[in-house]
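First comes the structure, then the notes that go with it.
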4 protein chains.
Amino acid sequence: MIIMKTEATDKEIADVVKEVRKCGLKADVSRGEFRTVIGLVGDEGKIPFSHFAVLPGVKEAVMVETPYKLISREYNRYMGEENERRTVRVGSVDIGGDKPVYIAGPCAVESKKQLFRIAEGIKKAGAQVLRGGIFKPRSSVHSFQGLGAIGLEQAEAALSWLREAGDRFELAVVTEVRGETQVDLVAQYVDMLQIGTRNMYDQDLLTTVAIKNKPVLFKRHFGAGIEEFLSFAEYIAAEGNKDIVLCERGILPLGKGRNYTRYTLDLAAIPAIQKETYLPVLADPSHATGRRDLIFNMSCAAIAAGASGLMIETHFDPKASFVDGQQTITPEELKEVIDACNQIYRLIASPGK
Amino acid sequence: MIIMKTEATDKEIADVVKEVRKCGLKADVSRGEFRTVIGLVGDEGKIPFSHFAVLPGVKEAVMVETPYKLISREYNRYMGEENERRTVRVGSVDIGGDKPVYIAGPCAVESKKQLFRIAEGIKKAGAQVLRGGIFKPRSSVHSFQGLGAIGLEQAEAALSWLREAGDRFELAVVTEVRGETQVDLVAQYVDMLQIGTRNMYDQDLLTTVAIKNKPVLFKRHFGAGIEEFLSFAEYIAAEGNKDIVLCERGILPLGKGRNYTRYTLDLAAIPAIQKETYLPVLADPSHATGRRDLIFNMSCAAIAAGASGLMIETHFDPKASFVDGQQTITPEELKEVIDACNQIYRLIASPGK
Amino acid sequence: MIIMKTEATDKEIADVVKEVRKCGLKADVSRGEFRTVIGLVGDEGKIPFSHFAVLPGVKEAVMVETPYKLISREYNRYMGEENERRTVRVGSVDIGGDKPVYIAGPCAVESKKQLFRIAEGIKKAGAQVLRGGIFKPRSSVHSFQGLGAIGLEQAEAALSWLREAGDRFELAVVTEVRGETQVDLVAQYVDMLQIGTRNMYDQDLLTTVAIKNKPVLFKRHFGAGIEEFLSFAEYIAAEGNKDIVLCERGILPLGKGRNYTRYTLDLAAIPAIQKETYLPVLADPSHATGRRDLIFNMSCAAIAAGASGLMIETHFDPKASFVDGQQTITPEELKEVIDACNQIYRLIASPGK
Amino acid sequence: MIIMKTEATDKEIADVVKEVRKCGLKADVSRGEFRTVIGLVGDEGKIPFSHFAVLPGVKEAVMVETPYKLISREYNRYMGEENERRTVRVGSVDIGGDKPVYIAGPCAVESKKQLFRIAEGIKKAGAQVLRGGIFKPRSSVHSFQGLGAIGLEQAEAALSWLREAGDRFELAVVTEVRGETQVDLVAQYVDMLQIGTRNMYDQDLLTTVAIKNKPVLFKRHFGAGIEEFLSFAEYIAAEGNKDIVLCERGILPLGKGRNYTRYTLDLAAIPAIQKETYLPVLADPSHATGRRDLIFNMSCAAIAAGASGLMIETHFDPKASFVDGQQTITPEELKEVIDACNQIYRLIASPGK
């Protein structure tokens, strides 16, 4: 990490970048409020730090060994923005800002009619972002894989419904990309690209998505520790894209006998992650619990833990939902969740009031 | 499970109990508001249900296969108290009632002076129950094992300080028993006996504690699924003691790399457990996270998840604490936690307001 | 699953396949020694089984609900080959046959010279397949990602060395593909395509690899249960490619405190998997333990557990290895492993002798 | 740890012990072949090492921070017995010596006749130690808890059968103690006391068992890391009893979907533990897999991994077994296991032959 002086000129910055590249590394230039920091992408062992420390305009040259340095609080600190959280703009919605953000919608897009009816419902309930799965990752090849699996035409149709529904109801839209070949297509239609839990470790997909320069919703793998989660988010940042929204969605359950929830929602990960990185963190209580009767409590708990928002599966008729009906709530139930969560968010932000 | 008619006489009940014993099982008689239910302790395969169904005063004889039937919601339902939660009275404090209960105090009792100063602090902060470890379970035989390990005299002294502090500051008191030989002694001094996470599976200790007829604070083992947790709570109920307060305190962390918390606080277990049993559930964010900087958020989250209260390690000088200082907060910080949690508790109880 | 009569004609088979497609499913035609079985790929709920049962040439039409039916023992059984294990031919080597197969080589290909020297060493030691990583999956974007990451030219050079080394020393060759765009290139050079532990859930990559009609070495994800592992192998089989070699490589470690191995090698998974599927299973003690001093014992244990072979990282100078040196053994040590394992394999195959 | 000079006199040793006690610690005196080492039990922070280093007869005074120093290889090393494994004598059987030891018998003692018939069977099969549960730990209070649960008379009868069967068929005998109050009674009858997986963390039970000065069979908890397992074995050693036999019996299974085994048998723990401690390690494939059809393979694998023996549930009629029938094998099957394992043990001990 090369920390430039406050008064460093553009030329001095450019010269340092050139030197970094000569060493075989990539440079990540971040212009903070107080100073510019140049992050090094690659093996810092190849960098002669003493040489860099004396280049014109350089304040300090520091070795940083953590595998997620570009998204770390340390990076912020050098820029003089230690306590800031990054606000990620998705369409016209700010994630990580003053208000919690609610992403809602069906697990899978089934039809235009279904999607529009749900979009209208979640808008009324207070959600700001519409989700809908088109390329569905599934445990069994024999299960419904989303409309995207039927063919290109169906995939494009579903994507265009998503875009239209977003425009019509003033919602930003997000959908999951599961494979590299889907990225170009999907990026034409949505405001944010989602990388699902099963693809967290898929570094080629991460890179392919990152370079589209759209915000990325990045979900933790259900078997990943926090350090690994952040280390893979770094693959996105390493391409110069720091519009990353992290999402905790439950880790593998543990213990003999039944556990009564599909996964273990690791809520303490939320404040713990926020001590490590400036990126905003959401929670997905739907996939984590797999139970509609726990969504209200676990949504409130996630916001109390410090989440910047929630992702909740919503359908006007959960039982008729193609996928994951047992964990889906109605727009009316969503409204109750949002109302309670907004109050808790305010209470947590200013506990004394 | 034998469900008696509303009008069943005491003699009819006693006769059924006699018949149950003849079959080699124990009978757990619970008199509900609407009717009496007789739970069967032991292998129900030995019971001729058709014979029992026609005994005088019997409404129904039902086989229940779950390993935790005596503490199950099903049991309640037959008594006509389906939606009730049991209120466990500890000294003059009700756990599971209208207000959240806060148990606070030092990890280990160090001296009378230390204990009194902390007791005064937590009382002011709003806590209702004082905790203080005397027989400390430790991972290493070479670590400080609590004053109880030094000798009987020291153990009794520490227990009497706990009692005195409780009386002086009007706090109920609880401490952990780790081995069967400690139970009689400890029960003379405290209002509630705690069984710690490492002893959850110790069924002989559970039975020994249960028969003292004091409320039991029963912590989940860090490797136990919910079904196992409840199945071992049943060992206490099987002795006729249903004054059991459950406590979620974190399960084993998962995933490669660092996790930044000592355990994974499984907050979704709280509402999930409450669907299974009428017993109240607390959360212990101190041991779960091992980090003082996460206590505020995780306390709020636990209450939002539906906990009936919290157990929080508190010390006026966390850094000087003999044990677990890095997860201990001050009485002043405790007050902030309690104030925020009380507000969230009210908000969750009546979300529309 | 449609089981044809022994005497069913090709036309009758083709007609059934046509009917299956009309229902919107794909058909997997397997001609066994005794009869042909037509597996159904997709949601069997859409199939009118009673209609299929009376089509000409059909013996039986059975619904199979397991998510891995195409690779299941049940499939075998209907073909009349219940106790068979599939032999997968890789170059001129048979995996799953009479003799255990040893895949060895460096974690990462570093240079032609390094690769040839290792290839010669493992050949002498008794290995039959050469491995060498070119596209390396890594936890940190800042670590060495293999020669494949440098550029297309370097990737092709490394692949050609692998091919040459294989030809020169009469070894089959295998390397990992990490992203969809690498598949075409890699398939031109190697005898078997490897899908690594982190990509197990990447169903688009699985499909892309499957249709190259090369044998696939498919490693279990470190957080996957056996049922999930087999369900994702089914994605490969669903493309008509059943030349799948499974590999157990360790699951997430568990428990507080240090564990002294990187992962937990789940050896009981090997015989358990072999009861479920006819596919051969290997073990990778190198990645599982992360310790060269445990390779000998854990190799012998894996063969004793019933593995059809092993995958072992080998380098003439483990300490100079770019990646994973601490788990790498020398060709001389490999020879000791192979000699002991061959004896155990014979002993297990005919325990009475 | 105080390392004495080779020529240190008994008086010098006694004087050092006296000084250790003055500091509030206990002393563990081990007389090795080359020199005496005095282990310190308690917090070494209280020891003025520089003072001890100059006492008469002292060679060196070293701080050892590991929580399992008394059973560590380091301890051996200072005594000059670095590569030794401790041989634990149980009745007339040596565990950890030249030959693998097989402990077999029923999960639960059901009757004298049952026990004698099984004892005869396992003796013929080649086993050296008879096991039989009398105080059974169970997940459900409603399940059969062993004859010990019926009453003292039944418990004594069952214990005397065990003793008689051992004497009659020249087998050492072992049974589990689950609570502190059972220890005195059980110790009168058996050659070795077993502490089961669920009681691993029960330090009061460990201490109570240790002071009987009988060999202890100590099973790993299914949620314990290796470091914790050894740290709790240290509780036994701290009472001066180092006749401890460790036993790996499977840890919690992991991953979504079915896993097909009850626990994950962590065989790599066996050689890993043997690098840390001089104590012998056994494996229990019965409880680990829960499946009779996997016992043969997993027994062979455990011996190949380096186990000093096995513990296998055996019954002449597994289906009629009161408890755990699905994981129990017959004496005839046991013979096949033992014959194969003996061959593998020899092969592993001298791989070149």
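The values are calculated or read from the model by the stated rules, or taken from the named source; none is laboratory data. The structure presented is a predicted model; accordingly, all values stated were derived computationally and were not measured. With ideal geometry, Cβ positions are generated from the backbone for all residues, glycine too; neighbour counts draw on all protein chains shown. Accessible surface is based on the protein model in full, side chains and every heavy atom, while ligands, DNA and RNA are left aside. Shrake-Rupley method; radii C 1.70, N 1.55, O 1.52, S 1.80 Å.
A few comments on the model shown:
- Derived scalar couplings ³J(HN,Hα) [segment C:307-320; Karplus, 6.51 cos²θ - 1.76 cosθ + 1.60; whole Hz; x for Gly, Pro]: 5, 8, x, 9, 10, 9, 6, 9, 7, 5, 9, x, 5, 8
- With Cα atoms defining each centre, segment D:48-116 and segment A:185-260 are spaced 48 Å apart in the structure.
- Charged neighbours of D:L282, selected by a Cβ distance under 10 Å, balance to 0 (K, R count +1; D, E count -1).
- Using a 7 Å Cα-to-Cβ projection, A:G24 label spacings across copies, nm, ascending: 5.4, 5.6, 7.5
- Heavy-atom accessible area ranking, 1.4 Å probe, most first, across D:R249, D:R86: D:R86, D:R249
- Average accessible surface for chain C: 34 Å² per residue, computed with a 1.4 Å probe over protein heavy atoms with every protein chain in place.
- Mean residue ellipticity (222 nm) of chain A, computed from DSSP H runs ≥ 4 via -39,500 (n - 2.57), nearest 500: -10500 deg cm²/dmol
- Value in Å of the Kirkwood radius, where segment C:49-124 supplies the Cα pairs that are averaged: 16.9 Å
- The base-10 log of I(q)/I(0) for the protein assembly as shown, evaluated at q = 0.07 Å⁻¹, reads -0.83 [Debye formula, identical scatterers on Cα atoms, solvent excluded].
- Interface of D with C. Using a 1.4 Å probe and counting protein heavy atoms only, the two chains hide about 3900 Å² of accessible surface, both sides summed.
- Shielding by partners - mean other protein chain Cβ count within 10 Å, residues of B:288-298: 4
- Extension gain for A:D339-A:T181 works out to 52.9 nm (0.36 nm per residue, less the C-alpha to C-alpha distance).
- Estimated FRET transfer efficiency when R0 is 35 angstrom, pair A:Q326-D:D94 (beta carbons, to 0.05): 0.05
- Phi angles of segment C:128-138 translate, via the Karplus equation with coefficients 6.51, -1.76, 1.60 and θ = phi - 60°, into HN-Hα couplings of 10, 10, 9, 10, x, x, 10, 9, 8, x, 9 Hz per residue; Gly and Pro are given as x.
- Within chain B: Cβ-based charge dipole about Cα centre, in debye rounded to nearest 20 (Lys, Arg +1; Asp, Glu -1): 520 debye
- Other-chain or far-sequence residues with amide H under 5 Å of C:D266's (modelled H): C:G250, C:I251
- For D:Q194, the amide hydrogen comes within under 5 Å of the amide hydrogens of D:T175, D:E176, D:V177, D:L217, counting only partners 5 or more places away or on other chains and with H modelled in the peptide plane.
- Cα shape, segment A:246-317, gyration tensor, a/c 1.5 rule: oblate
- Of D:E234, D:E276, D:E336, the residue with the greatest mean-square motion in the GNM of chain D, using alpha carbon springs below 10 Å, is D:E336.
- Rounded Å value of the spacing that divides the Cα centres of segment D:118-149 and segment D:289-346: 15 Å
- Kyte-Doolittle mean at least 1.6, axial Cα span of 27 Å or more - DSSP H helices of chain A: none
- Across identical copies of the chain, B:D339 has label-point separations of 2.8, 7.6, 7.9 nm, listed in ascending order, with the point defined 7 angstrom from Cα along Cα→Cβ.
- Signed unit charges on C-beta, dipole axis of chain D, positive-most listed residue D:V337, D:A187, D:A172: D:V337
- Judged by the gyration tensor of its Cα atoms, with axes a ≥ b ≥ c, chain C is prolate; a/c meets the 1.5 cut and a/b is the larger of a/b and b/c.
- In this Cβ point-charge picture (+1 for Lys and Arg, -1 for Asp and Glu), segment C:217-353 has a dipole of about 380 debye about its Cα centre.
- For the peptide C:172-181, the mean number of other protein chain Cβ atoms found within 10 angstrom of a residue's Cβ is 3.
- Ellipsoid equivalent to segment C:202-353 - semi-axes via the Cα gyration tensor, in Å: 26, 20, 17
- Tail fraction, Cα-Cα pairs, segment A:1-40, threshold 15 Å, whole percent: 29 percent
- Hypothetical label at B:F144: residues of segment D:1-41 whose amide nitrogen lies under 18 Å (7 Å Cα-Cβ projection): D:23-26, D:41
- Relative intensity, log₁₀ I(q)/I(0), of segment D:309-353 from a Debye sum that treats every alpha carbon as a point, q = 0.25 Å⁻¹: -0.83
- Charges were assigned to the Cβ only: +1 to each Lys and Arg, -1 to each Asp and Glu. The resulting dipole of segment A:78-227 about its Cα centre is roughly 540 debye.
- Taking max minus min of the alpha-carbon positions on each principal axis, segment B:168-248 gives extents of 39, 22, 20 Å, largest first.
- Shown for A:E65: label points 7 Å from Cα along the beta-carbon vector, and their distances to the equivalent points in the other copies, 1.5, 5.3, 5.5 nm in ascending order.
- Pair B:H51, B:R346: separation of 7 Å Cα→Cβ label points (nm): 5.8 nm
- Build a GNM of chain B with springs between Cα atoms under 10 Å apart, and of B:A125, B:A157, B:A305 the one that fluctuates most is B:A157.
- Bridge type composition, the protein assembly as shown - antiparallel percent by DSSP, nearest 5: 40 percent
- Largest to smallest principal axis extent of the C-alpha atoms in segment D:1-116, angstrom: 63, 29, 26
- A:R258 versus C:A14: modelled label distance in nm, points set 7 Å from Cα along the beta carbon direction: 5.2 nm
- Built amide H within the under 5 Å cut-off of B:G257, gap 5+: none
- Net charge, D:I211 excluded, C-beta distance under 12 Å - Lys, Arg +1, Asp, Glu -1: -2
- When the listed pairs C:K69/C:K124; D:K46/D:K242; C:K69/D:K136 are checked against a 31 Å cut-off, the alpha-carbon distance exceeds it for C:K69/C:K124; C:K69/D:K136.
- Rg ratio for segment C:144-280: its Cα radius of gyration over 2.2 N^0.38 Å, N being its residue count, equals 1.13.
- Considering only beta bridges that DSSP places wholly inside segment A:80-239, some 20 percent are antiparallel.
- Remark: spin-label model distance B:D43-A:K22 equals 8.3 nm, labels positioned 7 Å along the Cα→Cβ axis.
- Within the listed set B:T314, B:T289, B:T66, the Gaussian network model of chain B (springs between alpha-carbon atoms below 10 Å) gives the highest mean-square fluctuation for B:T66.
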